[in-house]
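The values are calculated or read from the model by the stated rules, or taken from the named source; none is laboratory data. Here the structure is a predicted model, which means the values were calculated and not measured. For accessibility, only protein heavy atoms count, side chains too; no ligands or nucleic acids. Shrake-Rupley method; radii C 1.70, N 1.55, O 1.52, S 1.80 Å.
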Amino acid sequence: MNCIIIDDETAARAIVGQLCTKVPELHILQEFDNAIEAIKFLNQQEVDVVFLDIHMPGFTGIDFVQTLKNPPKIVLTTSDTEFAIAAYEYEFIVDYLVKPITFERFEKCIQKVKKSLSKKPVSTAMVEPTSDLYINIDRRLIKLRLNEILVIEAEGDYIKVKTEKEEHRVHTTLKKIKEKLPDNLFLQIHRSYIINFTKIIDIEDNSVLIAKNVVPISRSNRPELMRRLNLL
């Protein structure tokens, strides 16, 4: 089983690494002191299991979990037990190791990982999304090409749909229009904004640039945006 270790503390990475060397089936591919570099690695390398610390500065272990597109099996490692229950909300999180970790407990964890890896994933059929959206303005139905929509902004009881050539003001809610949009093109990055993330030009701090539109990113929506991006 190929694995990586993510922990901002050198000593903690060394301890987990030492435990891994005692298990013949485990092969450490890489160690990381931050989650961002690990995400870049996972975009290029197939990994069976990740040993992940929760408390890391900037981009936490939980942020990392929420960002993953095709997650491998994850084992959380931390000295804080308060996240134990919340961790199991994610089906790909196999176990939760509380520091200091004993080898006996680590062995039990590896057995859980093996069992989880042996289960075959359930496949789901892909549904081809429509390429058009019709909006009702002054009793007229106007067709918009989905790939031409840049940003959708909430304005009270209305939304503003910005395309590459024009803007439309529609009497509806952001929630209702979100249900009509395909996930492969659109993403809500703020309570008041949905973007066509294929149109992103630049990301800086807490905002994205789409054409001439600077759109804010909320902290709660940032992990999903990072998951969608093809990071190098």
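Based on Cα contacts under 8 Å between residues 6+ apart, the chain shows a relative contact order of 13 percent. For the range 216-222, backbone phi angles converted through the Karplus equation (6.51, -1.76, 1.60; θ = phi - 60°) give residue-by-residue couplings of x, 10, 7, 4, 5, 9, 4 Hz, Gly and Pro being listed as x. Computed over protein heavy atoms with a 1.4 angstrom probe, the accessible surface ordering of ASP7, ASP138, largest first, is ASP138, ASP7.
Ranked by accessible surface with a 1.4 Å probe, highest first, in what order do ASP132, ASP157 come?
Final ranking, largest accessible area leading: ASP157, ASP132.
In the elastic network of the chain, a GNM with C-alpha springs shorter than 10 Å, the most mobile of LYS180, LYS119, LYS40 is LYS119. Annotation: aspartates and glutamates with alpha-carbon distance below 14 angstrom to LYS119 (same-chain offsets under eight excluded): ASP48, GLU91. For the chain, the longest principal axis of the alpha carbon atoms and the long axis of helix 103-118 meet at an angle near 50°. Accessible area of ARG169 (1.4 Å probe, protein heavy atoms only, ligands and nucleic acids ignored): about 130 Å². Counting only DSSP beta bridges with both residues in the chain, the antiparallel share comes to about 60 percent.
Among the listed pairs LYS112/LYS178; LYS40/LYS165; LYS40/LYS112; LYS69/LYS115; LYS180/LYS212; LYS22/LYS112, give every one whose C-alpha distance is greater than 28 Å. Exceeds cut-off: LYS112/LYS178; LYS40/LYS165. At the residue level, HIS171 shows approximately 120 square angstrom of accessible surface with a 1.4 angstrom probe and all protein chains present. Expressed as a whole percent, the accessible area of the chain that falls on carbon and sulfur atoms is 48 (1.4 Å probe). Here the chain yields Rg over Rh of 1.07, to two decimals, using C-alpha coordinates and the Kirkwood radius. Per-residue surface analysis assigns TYR90 an accessible area of about 60 Å², computed on protein heavy atoms at 1.4 Å probe radius. Seen against the Cα atoms of the chain and their longest principal axis, helix 10-21 is set at about 70 degrees. Taking all protein chains together, GLU164, GLU153 sort by accessible area into GLU164, GLU153, largest first [probe 1.4 Å].
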